[in-house]
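So the structure is just underneath, and the comments pick up after that.
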Amino acid sequence: MNIFSATNSSGSASEEERQAIAKAVNRRRLVIFLRIGLAVVTLTTWELAVKYGLIDPFFFSRPSDIYTQLAVWLTEGTAQGPLWRELLVTMEETVIGFFIGSLLGIFCGIALGRNKLAGDVFSIYIKIANAIPRVVLGSIFIIIFGLGMGSKVALAVVMVFFVVFGNAFQGVREADRNLIANAYILGANKRQVTFSVVIPSALTWILASLHVSFGFALVGAVVGEFLGSRHGIGLLIATAQGTFNAAGVFAAMIVLAVVALAAEYLLTALEDRLLKWRPVQFAEHGM
Amino acid sequence: MPTPVIELINVSCKFISPEGKITHALREMSLCVNEGDFCAIVGPTGCGKSTTLGMITSLSPPSTGLVKVFGKPVAGIDPNIGFVFQTDAVFPWKNVIDNIAIGPIYRGKNAAEAKKMAADWVRRVGLAGFEHHYPHQLSGGMRKRVALAQTFINEPKILLMDEPFAALDVQTRALMQGELLSLWSELKASVIFVTHDIEEAIALADRVVVLSKGPGTVKSSYDIPLARPRDVSEARYSEQFIHLSKQIWHDLKNEVQI
Ligand SMILES: Nc1ncnc2c1ncn2[C@@H]1O[C@H](COP(=O)(O)OP(=O)(O)OP(=O)(O)O)[C@@H](O)[C@H]1O
Ligand SMILES: [Mg+2]
């Protein structure tokens, strides 16, 4: 009897659970369906609007042309060489710039943030440096480093550095005074406080900045190529612009977007791994 | 002849805000705690109890006056001091056992040894089974117990506690009070215990110090002659206890009324 009622109640509970799961699955399907639907509607509208002369394909191209352009690049390669080689060049510049810039930024941000006087003095300059449109430096870098990879990496580094630096600095400054006091009382020295309290609490800030700054590194590399180079997606865009090939510009944009999304995905995975101690509602992402 | 371990001599403490506003937290306060003494401090909110403890740790030095620990003026954090903070101060990115083991690790023990000590303390504060939980997965009372274990594992000679049991339920609180008393007699530690709970103060302490409302100073001090070892939950029904409790309550009430 006892067993009977027990199975019975657990059966009804799992029935409720099953309904809840089904509801969640349905919602997920609906979201995916709507996402795809939105893309299809947008692209079709664009294509039709061109077809019926509502927008001028000379300026705005059209999905089918962009698709053709991508297909040509993929099969026959670009004017400068195979697409993957151009992409590889841009990626190399981006990733190297991203790593150098963020490591420098993290290091300087933590070092300055831990030093009260230096922090008070420099904080104003960080704000200024962040406000300056740093892309302009690209021209100077091309003069200094030439048309090769160096100038692009340098621009990417500068783009990334200040964002990461600012965030690391802020993160260090915002570290909970109570936790720091507690660590000192428990016997930590200054170095131990830096590594076991300050850096972990700044990590949230730093990781958040890495999301943004990968995009910045990409912008730095592409703009650098745009300003003057022999290879890369930026040059592809510049060439397309020179020949009034709007489809080429859009196609290059799509290639870059795919790269940026992949990087975003990897960074989110990294963040979830490093910040698994956070309450769930803060660790959730829109992706 | 008892040796004084903590001495506050005529200390005043002012906080000056960046806008130049001055908050007077303590005024001409003197207090002496002898070796092995258990001293409880009660007083109205904002009278400077936490500030007093902060001065003893050297985290917030006094504006005027002298603070001595072990007979010497404080200069830097003394490794013999343990401090249970009023606010949550466990590390949110460390799980329970790593939080508790951090003190010995800071002090140079290797990780394996520290974890072994920590495992023992996890059990003593009743958190067995929660070793690998992060603080956000614990209740407020459980986090407080992590903080207590974190402090006790260092076996401090001076124990400063800022309302440590305020967040605990009655049963756990009685348990922790018992544990604190046995630990105290075991370590021969000197304790300053801040609380809002008069009965808790009397039940635990050798001496209860009442502070006046802010800026605080010592208003009165009561020796608690109840026999040791005490049973915290039984002591409160004795005649003596009730009498003391009435007196202290009377003192406090005059402070809280405006
Ligand atoms: N860092 C600070 N800056 C400015 N004022 C402060 C600071 N810390 C404390 N104070 C002030 O000092 C006074 C005493 O504060 P304190 O925290 O010592 O009170 P308390 O007795 O512990 O109160 P409670 O029982 O509520 O914890 C308060 O008026 C408070 O506003
Ligand atoms: Mg307080």
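Bear in mind that the values in this text are calculations on the coordinates, not laboratory data. For clarity, every value in this text was computed on a predicted model and none was experimentally measured. Neighbour counts are summed over all protein chains in view; Cβ atoms, including those assigned to glycine, are modelled from backbone coordinates with ideal geometry.
General observations
- Any hit, the stretch B:7-14, residues being assigned to a helix (DSSP H, G or I), near ligand 1 (Cβ under 10 Å from one of its atoms), more than 14 Å from chain A (Cβ to nearest Cβ) and touching a Gly at 6+ places or on another chain (Cβ under 8 Å): no
- Flag if B:Leu159 is more than 20 Å from B:Ile41 (Cα to Cα) and touching a residue at least 40 places away in the same chain (Cβ under 8 Å): no
- Selection count where residues are more than 24 Å from B:Gln177 (Cα to Cα) and either surrounded by fewer than 22 Cβ atoms within 10 Å (Cβ to Cβ) or within 16 Å of ligand 2 (Cβ to nearest atom) (or both), scope the stretch B:49-66: 9
- Scanning the stretch A:63-79 for residues that are buried (at least 18 other Cβ atoms within 10 Å of the Cβ) and either touching a Ser or Thr at 6+ places or on another chain (Cβ under 6 Å) or not in a helix (DSSP H, G or I) (or both) returns a single hit, A:Thr78.
- Single unsatisfied condition, B:Thr87 versus (1) more than 24 Å from A:Asn178 (Cα to Cα); (2) touching a helix residue (DSSP H, G or I) at 6+ places or on another chain (Cβ under 8 Å); (3) not aliphatic (A, V, I, L, M): (1)
- Only a single criterion out of (1) within 16 Å of ligand 1 (Cβ to nearest atom); (2) within 17 Å of the chain's Cα centre (by Cα) is not satisfied by B:Ile153, namely (1).
- The residues of the stretch B:218-258 that are polar (S, T, N, Q) and closer than 26 Å to B:Ala189 by Cβ, listed by number, are B:Ser220, B:Ser221, B:Ser233, B:Ser238, B:Gln240, B:Ser245.
- From the list A:Leu104, A:Leu117, A:Leu74, A:Leu88, the lone residue that is free of Cβ contacts under 8 Å to residues at least 40 places away in the same chain and under 23 Å from A:Gly220 (Cα atoms) is A:Leu88.
- Test: residue in the stretch B:197-213 that is hydrophobic (A, V, I, L, M, F, W, C) and free of Cβ contacts under 8 Å to residues at least 40 places away in the same chain: yes
- The stretch B:164-208: number of residues that are away from ligand 1 (no atom under 16 Å from the Cβ), aliphatic (A, V, I, L, M) and assigned to a helix (DSSP H, G or I): 11
- Qualifying residue in the stretch B:114-127 (condition: facing another protein chain (nearest Cβ under 9 Å), surrounded by 15 or more Cβ atoms within 10 Å (Cβ to Cβ) and more than 18 Å from the chain's Cα centre (by Cα)): no
- For the condition more than 30 Å from B:Ala114 (Cβ to Cβ) and out of contact with any Gly (no Cβ under 8 Å at 6 or more places or on another chain), A:Phe226 does not qualify.
- Within the stretch A:270-281, considering residues that are surrounded by 11 or more Cβ atoms within 10 Å (Cβ to Cβ) and assigned to a helix (DSSP H, G or I), the one nearest to the other protein chains (Cβ to nearest Cβ): A:Leu274
- Being surrounded by 21 or more Cβ atoms within 10 Å (Cβ to Cβ), away from ligand 2 (no atom under 16 Å from the Cβ), of a type outside the set (Ser, Thr, Tyr) and within 14 Å of the chain's Cα centre (by Cα) is a condition met by no residue of the stretch B:236-257.
- Screening the candidates B:Gly82, B:Gly43, B:Gly76 for the property of being buried (at least 23 other Cβ atoms within 10 Å of the Cβ) and more than 15 Å from ligand 1 (Cβ to nearest atom) yields one hit, B:Gly82.
- Among the residues of the stretch B:81-97, those that are at the interface with chain A (Cβ under 7 Å from one of its Cβ atoms) and among the β-branched types (Val, Ile, Thr) comprise B:Ile81, B:Thr87.
- Filtering the stretch B:1-40 to residues that are small (Gly, Ala, Ser) and loosely packed, with under 14 Cβ neighbours inside 10 Å leaves B:Ser17, B:Gly20, B:Ser30.
- Flag if A:Asp176 is within 14 Å of chain B (Cβ to nearest Cβ), among the acidic types (Asp, Glu) and touching a Ser or Thr at 6+ places or on another chain (Cβ under 8 Å): yes
- Within the stretch B:41-60, tally of residues that are of a type in the set (S, T, N, Q), within 14 Å of another protein chain (Cβ to nearest Cβ) and assigned to a loop (DSSP other than H, G, I, E, B): 2
- Residues satisfying the stated conditions in the stretch B:172-196, i.e. surrounded by fewer than 17 Cβ atoms within 10 Å (Cβ to Cβ), in contact (Cβ under 8 Å) with a residue 60 or more places away in the chain and more than 16 Å from ligand 2 (Cβ to nearest atom): B:Lys188
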